[in-house]
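Engineer: Sharing a structure with you now.
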Amino acid sequence: MSITGKINNTLNKWMKASGPDPDVVISSRIRLARNLMEVPFPNYASDKEAKRVIDKVESLLEEEDNDFGLKLLDLEKIPVLEKEVMVEKHLISPEHAEPGQHKAMLLTDDESVSIMINEEDHIRSQILFSGLQLEEAWELGDQVDDYLESKLNFAFSEEYGYLTTCPTNAGTGMRASVMVHLPALNLSNQINDVLRAISQLGLAVRGLYGEGTEALGNIYQISNQVTLGPSEEEIIENLQGVIKQIINQERNARKRLMKQNKVELTDRIYRSYGVLKYSRKISSKEAMKLLSDVKLGVDLGIINDVSASIFNELMVLISPPALQRLTGKDLNSSQRDEKRANLIRKRIREK
Amino acid sequence: MLCQECQKREATVHLTKIINNKKKEIYLCDKCAQNKEELNFGKEGFSFNNLLTGLLNSEFGTDTPNSSLNLNYNKKVEEECENCGLNYAEFSRQGKLGCSECYIEFENRINKLLKKIHGNNRHTGKVPKRTGGVIRTRKEIQQLREKMQDAVQKEEFEEAAKLRDAIKELEEEIDE
């Protein structure tokens, strides 16, 4: 496969920045946790029982046609590097990528639906859409869930809703999250106030790669904390409302910066662009920081010769596992920094 | 800003201490912050599971899982799920249940715990068609009742009568 082929193979929909409000919202995600009534939860299931979960899912796929085009993948048979790229693309969790028996997943060709089997719960369906599309993602998630439920007996109680391994997920079993890019709020030192307000509303804020990670490239994941009590629609409405306000605040901060510090801002953006365009070696941390500036520049119309999706794409492509996969061999960190700089230069020129 | 301890690395941790109403601010880098005992940022330090286990154990009046256990505590903790064999002490340590039956076996405590975590212990969202057949119908009846009352209030008696018949039909369905 050619390098471009490999890159395209690595990209999926959410990275193409085709959804609504792409200047601030990168992606929207719905995750549903479900368990089979008759099998102990994965952490307590025997080998045989874990295999039964996969068998049941397999027979569901054989017996009931799915319009979603879901295909079963045995993660034991997938190379480590491939799995790491799946983690970068947010298709599976880092834990699910680790070696272990009876780990599997269902995946659609466009990768908008991915379902982890035998992770913390028997089944964790995930819908990943580009831009702000929470309602659309839930609609599809609901349909996928109905399909799974047509043959599988989900553990459910009238009081507590869907029963999950960890009580923090019980009820709807739903985690709705939105990935946002907030460079102007950060530059104008408002980000901490915004984040504090968000957590007071019962929402959680995390860095790019989930719990406890730092906000590389000014990217934050905002999600609901409470899963039991409110309905799915209420959870989404609440999150959506907060996100819309954040979008407004970020856009206002951008306008203010353009008005009050235009030269400084433009200078910063062009400098970052310059480094990305000409550097021969770059760490992923520096690259993320500069790419964040360039994306801001594109969204503000300051930079016109780079496509808007370049940030989303490169965010995944420049990670160590993705670079490794592109070049097809083991690289040390110095070699990686070189490859990364080359890839960014090439990608930026291609438009 | 540079770290106040080592004066070498960039300060990334901002700590505000209030002792006897006196405010003291400290700026540290990651490394120095990790060495500070009062921050406890080490690997075993602050994590989601610690928080959850803290919640679980506070029920017994002990702050940490390692606190000395009194007899009463031991007795309570030895309860086991008949289906999967998980005992409550193990759950308190890991924060993970063993099977769906655990929710019934440890009903009382799970109920309180869910209330603590979610501020609520009553599901109002989606009900699965297969395992939730009766529940689904009951929910539907509830919704129809609300609609019926609405209709009565608006004096739309014809509509109310229709709703009443629909409710009756569904109720018979459950009884069968």
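The values are calculated or read from the model by the stated rules, or taken from the named source; none is laboratory data. Please read all numbers here as calculations on a predicted model, not as lab measurements. Cβ sites come from the backbone with ideal geometry, for glycine too, and all protein chains shown count toward neighbours. Ligands, DNA and RNA are excluded from the accessible area calculation, which covers all protein heavy atoms including side chains. Shrake-Rupley method; radii C 1.70, N 1.55, O 1.52, S 1.80 Å.
Engineer: For the range A:117-148, which residues satisfy the criterion of being without any contact (Cβ under 8 Å) to a residue 24 or more places away in the chain and facing another protein chain (nearest Cβ under 10 Å)?
Structural biologist: The answer is A:ASP146, and nothing else.
Engineer: What strands (runs of 3 or more DSSP E), lying completely within the range A:98-217, carry at least 2 residues that are crowded, with 22+ Cβ neighbours inside 10 Å? Spell out how you get there, then give the answer.
Structural biologist: Working: elements: A:104-107, A:113-117, A:123-130, A:174-181, A:203-206.
Hits in the range A:98-217: A:104-107, A:113-117, A:123-130, A:174-181.
Engineer: Considering the range A:250-264 alone, what residues qualify as being over 30 Å from A:ASP337 (Cα atoms) and either part of a loop (DSSP other than H, G, I, E, B) or without any contact (Cβ under 8 Å) to a residue 60 or more places away in the chain (or both)? Explain how you work it out, then say what you get.
Structural biologist: Going residue by residue through the range A:250-264, those that are over 30 Å from A:ASP337 (Cα atoms) are A:250-263.
Within the range A:250-264, A:ASN252, A:LYS255, A:MET258, A:LYS259, A:GLN260, A:ASN261, A:LYS262, A:VAL263 qualify.
Engineer: If you take the residues in the range A:165-199 that are within 8 Å of chain B (Cβ to nearest Cβ) and of a type in the set (S, T, N, Q), which one is farthest from A:GLY19 (Cα to Cα)?
Structural biologist: A:THR165
Engineer: Here is a further query. List pairs: first in the range B:125-139 and within 7 Å of chain A (Cβ to nearest Cβ) and assigned to a helix (DSSP H, G or I), second among the aromatic types (Phe, Trp, Tyr) and crowded, with 19+ Cβ neighbours inside 10 Å, Cβ under 9 Å, 6+ apart or cross-chain?
Structural biologist: Listed by first residue and then by second, the contacts come to B:ILE135/A:PHE156.
Engineer: Quick one: how many residues across the range B:91-119 are surrounded by 16 or more Cβ atoms within 10 Å (Cβ to Cβ), facing chain A (nearest Cβ under 7 Å), in a loop (DSSP other than H, G, I, E, B) and not charged (D, E, K, R)?
Structural biologist: 5
Engineer: Looking at the range B:78-90 only, could you name the residues that are part of a loop (DSSP other than H, G, I, E, B) and either open to solvent by 80 Å² or more (accessible area, probe 1.4 Å) or more than 7 Å from every other protein chain (Cβ to nearest Cβ) (or both)? Outline the logic, then answer.
Structural biologist: Step one: filter the range B:78-90 for residues part of a loop (DSSP other than H, G, I, E, B), giving B:78-79, B:81-86.
Scanning the range B:78-90 gives B:GLU78, B:GLU79, B:CYS81, B:GLU82, B:ASN83, B:GLY85.
Engineer: Of everything in the range A:265-297, what is open to solvent by 10 Å² or more (accessible area, probe 1.4 Å), touching a residue at least 12 places away in the same chain (Cβ under 8 Å) and more than 23 Å from A:ALA253 (Cα to Cα)? Give them in sequence order.
Structural biologist: Selection gives A:VAL275, A:LYS277, A:TYR278, A:SER279, A:ARG280, A:LYS281, A:SER283, A:SER284, A:LYS285.
Engineer: Could you please find all residues in the range A:60-85 being under 20 Å from A:LYS329 (Cβ atoms) and touching a residue at least 24 places away in the same chain (Cβ under 8 Å)?
Structural biologist: Matches in the range A:60-85: A:LEU81, A:GLU82, A:GLU84, A:VAL85.
Engineer: Would you pick out the residues in the range A:46-59 that are without any contact (Cβ under 8 Å) to a residue 60 or more places away in the chain and of a type in the set (Gly, Ala, Ser)? Show your work before the answer.
Structural biologist: Residues of the range A:46-59 that are without any contact (Cβ under 8 Å) to a residue 60 or more places away in the chain, as a first pass: A:46-49, A:51-52, A:55, A:58.
A:SER46, the sole residue that qualifies.
Engineer: With respect to B:LYS139, determine if the residue is within 26 Å of the chain's Cα centre (by Cα) and either farther than 25 Å from A:GLN143 by Cβ or surrounded by fewer than 16 Cβ atoms within 10 Å (Cβ to Cβ) (or both). Steps first, answer last, please.
Structural biologist: Working: within 26 Å of the chain's Cα centre (by Cα): yes; either farther than 25 Å from A:GLN143 by Cβ or surrounded by fewer than 16 Cβ atoms within 10 Å (Cβ to Cβ) (or both): yes.
Taking the combined requirement at face value, the residue satisfies it.
Engineer: Would you please name the residue that is surrounded by the fewest Cβ atoms within 10 Å (Cβ to Cβ), looking only at residues in the range A:336-348 that are touching a helix residue (DSSP H, G or I) at 6+ places or on another chain (Cβ under 8 Å) and farther than 12 Å from A:SER283 by Cα?
Structural biologist: A:ARG345
Engineer: Report whether or not A:ASP110 is charged (D, E, K, R) and away from chain B (no Cβ under 14 Å).
Structural biologist: Taking the combined requirement at face value, the residue satisfies it.
Engineer: With the structure loaded, tell me whether B:LYS147 is over 36 Å from the mean Cα position of the chain (by Cα) and of a type outside the set (Phe, Trp, Tyr) or whether it fails that test.
Structural biologist: no
Engineer: Within the range A:226-249, identify whether any single residue is in contact with a helix residue (DSSP H, G or I) (Cβ under 9 Å, 6 or more places away or on another chain), of a type in the set (Ser, Thr, Tyr) and at pLDDT 95 or above, and answer yes or no.
Structural biologist: Yes, that holds for at least one residue.
Engineer: Find the residue count for the range A:316-335, including only residues that are over 17 Å from A:GLU82 (Cα atoms) and either assigned to a helix (DSSP H, G or I) or touching a helix residue (DSSP H, G or I) at 6+ places or on another chain (Cβ under 7 Å) (or both).
Structural biologist: Qualifying residue count for the region: 3.
Engineer: Right, something else. If I go through the range A:64-97 residue by residue, how many of them are among the basic types (Lys, Arg), open to solvent by 50 Å² or more (accessible area, probe 1.4 Å) and touching a strand residue (DSSP E or B) at 6+ places or on another chain (Cβ under 9 Å)?
Structural biologist: Final tally of qualifying residues: 1.
Engineer: Next question. Within the range A:303-315, identify whether any single residue is in a loop (DSSP other than H, G, I, E, B) and either at positive phi or without any contact (Cβ under 8 Å) to a residue 24 or more places away in the chain (or both), and answer yes or no.
Structural biologist: yes
Engineer: For the range A:300-310, does any single residue satisfy the condition of being within 20 Å of A:LEU257 (Cβ to Cβ) and in contact with a strand residue (DSSP E or B) (Cβ under 9 Å, 6 or more places away or on another chain)?
Structural biologist: no
Engineer: Turning to a different aspect of this structure: So, in the range A:223-273, how many residues would count as being of a type in the set (Gly, Ala, Ser) and either more than 14 Å from every other protein chain (Cβ to nearest Cβ) or closer than 19 Å to A:SER292 by Cβ (or both)?
Structural biologist: Number of matching residues: 3.
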